[in-house]
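Taking it in order: structure first as structure tokens, then the write-up.
The values are calculated or read from the model by the stated rules, or taken from the named source; none is laboratory data. Since the model is a prediction, treat every value here as computed from it, not as a measurement. Here the Cβ positions follow ideal geometry from the backbone for every residue, glycine too, while neighbour counts run over all protein chains shown. Accessible surface areas use protein heavy atoms only, side chains included; no ligands, DNA or RNA. Shrake-Rupley method; radii C 1.70, N 1.55, O 1.52, S 1.80 Å.
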Amino acid sequence: MSVTVLTGGTVVPVDPQRRVLTEGAVAFAGPGPGPADGTILAVGPPAEVLAAYPDADVVDCRGSLVLPGFVNTHTHLFQTLLKGLGDDRVLSDWFTAMTGPSAVALTEDDVYVGALHGCTEALTTGTTTLLDFMYVHPRPGLADAVAHAMYDTGIRGIVGRGYTTTGTDVGVPPELIEPLDTALADAERLIGTWNRPGSRVRAGLAPCMSWTVDAATLRETRALADRTDALVTMHLAESPFDVEESQRRFGMRDVPFAAETGLLGPDLVAAHCVQCDDTDLDLLAASGTAVSHNPCSNLYLGSGFAPVPAMHRRGITVGLASDGPASSSNHSMLQAVKFAALLHKGVHRDPEIMTAEKALEMATVDGAAALGMADRIGSLEPGKRADVIVLDLSNLCVTPVHAAVSALVYSQRGDEVDRVYVDGEPVVAGGRPVRVDARTVRERSAAAAAGLAERAGTARLGSRPWRSVVTR
């Protein structure tokens, strides 16, 4: 068993004691077939850890911050190819004018290349686990492409096999609508293929949103989830349009609709929940449903801000997320963690309502709990998977460092990630991805993005006239 010891850095393990070791060490085993391989072995003072593993490969982390990898609880990797095309639009217009037409034109190669770029971008900004919501399937094989990109980059990932079963009356392209039995059969195939013991990549279920599904879709999703133990995720109460459409279609808001159909539960990650009222929050809390908070995307689309402090008061697990780059412009959890810490202070005019420490918890242990993986990832504790990141804190933005967590959340500029390990395997070294070549990834995604925009008729959105003020 090969062992690596990261020593001398400030270690923030986000363990139950919430220790901050100003000079600490982390030992972990490299990947392999043994039961301890790829796991954390020890966290503590350098002398103690080094004495326990005298033959380890020692990495000097002085001047760096060592912590668990970030857990991104909601994104859309294919949207890597759509950055900058949907600016300054509300959600419904953003979808019908740009995202929907782009989705119709997607090829399997587009999806693979976009996901490869997105996973690489996520790893190099400190994310070691992500939940992808792959909701567009104009042709077969697109969810498989996402899973293969995850596998090839070395990230830990869950592919939510999404589906849209209705919605042409509100602008959903007919090409994106699938028969329910077809979608669920393909989802079950993916689950059978990827959800094996020890697999770093898994598959789940992802009915899209209330104006693209019906009651049968959610009931059958619940039945399949119960049969396969697969994770479920769905957009809920993201914008006023979601709630209004749910009331028009079903006579109730979308969270009660999800509750009535049996979808809510501890295996559901409800994405956004921006427009939740008290009744919605009580339903989420009572069912044990987790929430994915996407502050950058919600602000970009003008959807509002999720009532996260009210969720915390009810004991709802809230993970953090970037959302897809078509509505957040990147996959950086470092960006998301800063926005999450600041947004609620301003909204509530209370600087204490969201602390830097809580924002970090949402990006790590709470995200792991939301995905049902709290026993495996989210903190640096012996026995957990060795998903570890090392951030270089020597730049002018971050220094001088008085408090490590404050520096991480408030001072970082976003390019501090130096090393990333997943299952003890180095997947980022010196800020560069190990398994893939960054330049090749960028070139392939640029070509795919240009070709997709041309086929979808959305290239014009990238060269719109200058707009200083929008008048209505």
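When restricted to residues that are outside any strand (DSSP E or B), charged (D, E, K, R) and open to solvent by 60 Å² or more (accessible area, probe 1.4 Å), region 401-441 contains 5.
Restricting attention to helices (runs of 4 or more DSSP H) lying wholly within region 125-243, give those where 3 or more residues are acidic (D, E). I'd like the intermediate steps shown before the answer.
Working: elements: 142-153, 180-194, 215-228.
Answer list for region 125-243: 180-194.
Selection of first residues in region 87-107 that are part of a helix (DSSP H, G or I) and surrounded by 18 or more Cβ atoms within 10 Å (Cβ to Cβ) and of second residues that are at pLDDT below 85 and not aromatic (F, W, Y), restricted to Cβ pairs under 8 Å at least 6 apart or on distinct chains, gives the following pairs, ordered by first then second residue: W94/G86; M98/G86; M98/R89; T99/G86. With respect to the conditions (1) touching a helix residue (DSSP H, G or I) at 6+ places or on another chain (Cβ under 9 Å); (2) without any contact (Cβ under 8 Å) to a residue 60 or more places away in the chain; (3) in a helix (DSSP H, G or I); (4) among the charged types (D, E, K, R), K345 falls short on a single one, namely (1).
Taken together, the criteria place V255 among residues that are assigned to a helix (DSSP H, G or I), buried (at least 24 other Cβ atoms within 10 Å of the Cβ) and β-branched (V, I, T). If you check A336 against the conditions, is it within 15 Å of L67 (Cβ to Cβ) and outside any loop (DSSP other than H, G, I, E, B)? It is false that A336 is within 15 Å of L67 (Cβ to Cβ) and outside any loop (DSSP other than H, G, I, E, B). Have a look at V170, V213 and point out the one that is touching a Pro at 6+ places or on another chain (Cβ under 8 Å), under 30 Å from P256 (Cβ atoms), in contact (Cβ under 8 Å) with a residue 40 or more places away in the chain and not hydroxyl-bearing (S, T, Y). Step by step, each of V170, V213 is checked, and only V213 is touching a Pro at 6+ places or on another chain (Cβ under 8 Å), under 30 Å from P256 (Cβ atoms), in contact (Cβ under 8 Å) with a residue 40 or more places away in the chain and not hydroxyl-bearing (S, T, Y). Put simply, of D267, D242 the only residue that is open to solvent by less than 10 Å² (accessible area, probe 1.4 Å), among the charged types (D, E, K, R) and touching a residue at least 24 places away in the same chain (Cβ under 8 Å) is D242.
Name the single residue that is surrounded by the most Cβ atoms within 10 Å (Cβ to Cβ) among those in region 372-400 being touching a residue at least 12 places away in the same chain (Cβ under 8 Å) and over 23 Å from Q17 (Cβ atoms). Restricting to residues being touching a residue at least 12 places away in the same chain (Cβ under 8 Å) and over 23 Å from Q17 (Cβ atoms), the top hit is V398. Only one entry in G141, G154 is in contact with a Pro (Cβ under 9 Å, 6 or more places away or on another chain) and either farther than 23 Å from S239 by Cβ or surrounded by fewer than 21 Cβ atoms within 10 Å (Cβ to Cβ) (or both), namely G154.
Taking region 114-136, which residues are farther than 21 Å from M333 by Cα and either within 15 Å of the chain's Cα centre (by Cα) or at pLDDT 95 or above (or both)?
We begin by selecting, within region 114-136, every residue farther than 21 Å from M333 by Cα; these are 135-136.
Matches in region 114-136: Y135 only.
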